[in-house]
Amino acid sequence: MHAPDACIVRGVYLVEFLLTKPRTAPQAREHASLDALRSACLPQDGVEHIRVHTSRAGARGVFFCRAPDLEQAVSRTYAVCRRALELRPEFRGWEITRVAGAL
């Protein structure tokens, strides 16, 4: 049985993420944030789709992630976010504030 707070569609989990930027950093553009996240995806991450919204505080959005269970989907989403922040200089100083199964 799957966790009650997971939204599941044929083995695809909806996982929310929140990335926080330093106050002094400029606001990221949505297409640049989406590109950074997509480029950090590996085939084994099982990412089917990503939606992202940027603001003065950082970026938030959702991953649609194919995984055996919610825990793996959350872990994979966290890994992609971490890689994106590590690989792109424009995200230096940003932090992963939240990664969790969506309600």
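When region 16-63 is examined, which residues are found to be closer than 15 Å to residue 92 by Cβ and either of a type in the set (Lys, Arg) or in contact with a Gly (Cβ under 7 Å, 6 or more places away or on another chain) (or both)?
If the condition is that a residue be closer than 15 Å to residue 92 by Cβ and either of a type in the set (Lys, Arg) or in contact with a Gly (Cβ under 7 Å, 6 or more places away or on another chain) (or both), then 19, 20, 21, 22, 23, 25 are the ones that fit.
Within region 75-96, track down each residue that is open to solvent by 80 Å² or more (accessible area, probe 1.4 Å), under 11 Å from the mean Cα position of the chain (by Cα) and more than 17 Å from residue 14 (Cβ to Cβ).
Listed by number, the list holds a single entry, 82.
Report yes if some residue within region 42-64 is modelled with pLDDT under 95, farther than 18 Å from residue 97 by Cβ, surrounded by fewer than 18 Cβ atoms within 10 Å (Cβ to Cβ) and basic (Lys, Arg); otherwise report no.
no
The values are calculated or read from the model by the stated rules, or taken from the named source; none is laboratory data. What you see is a predicted model, and the numbers here were worked out from it, not measured in a lab. Please note: Cβ atoms are built from the backbone with ideal geometry, for glycine as well, and neighbour counts cover all protein chains shown. We work out accessible area using only protein heavy atoms, side chains counted, and drop any ligands, DNA or RNA first. Shrake-Rupley method; radii C 1.70, N 1.55, O 1.52, S 1.80 Å.
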